[in-house]
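Report on the structure given below.
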Amino acid sequence: MHAVVINVSINDFPAAKAELDGIVPRVSGAPGFVAGYWVALSQDKGTSIVVFESEAAAQAAAAQVGAAGPGAATMDSVEVGEVIAHA
């Protein structure tokens with residue numbers, strides 16, 4: 001399994017939460033999707049971890065993140081890594 005880890009700066013917290021109503025179903029419908037978590041670290045920082053069955057599926061999903069365009073949050077980083085343990 002591989003995960004896409006995204007760190008964001010939140011420009012408008014209520015709007016960012018509302019945008020998740022459209023983002024979560026799209027991501028969960030992506031090929032190879034296993035699980036996803038979106039975390040508000042504060043009112044102006046957030047992170048998400050989305051796990052996929054394969055590196056190829058994770059890389060494909062990560063490529064879509066950059067194509068999302070501007071919104072209520074600004075992408076600070078998008079990384080793909082191997083899941084080496086889970087519970």
Taking H placed 1.01 Å from N in the peptide plane, check which residues at least 5 places from Ser54 or on another chain put their amide H under 5 Å from its amide H.
His2
Using the Cα centre as the reference, give the magnitude of the dipole from point charges on the C-beta atoms of the chain (Lys, Arg: +1; Asp, Glu: -1; all else neutral), rounded to the nearest 20 debye.
140 debye
Using only the alpha carbons, work out the radius of gyration and Dmax of the chain in angstrom.
12.4, 34
What does the extension gain come out to for Ala35 and Ser54, with contour length at 0.36 nm per residue minus their alpha carbon separation?
5.6 nm
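Every read-out reported here was derived from the displayed coordinates using simple, explicitly stated rules and does not represent laboratory data. Model, not experiment: these values are computed from the prediction. FYI the Cβ positions are ideal-geometry reconstructions off the backbone, even for glycines, and counts take in every protein chain you see.
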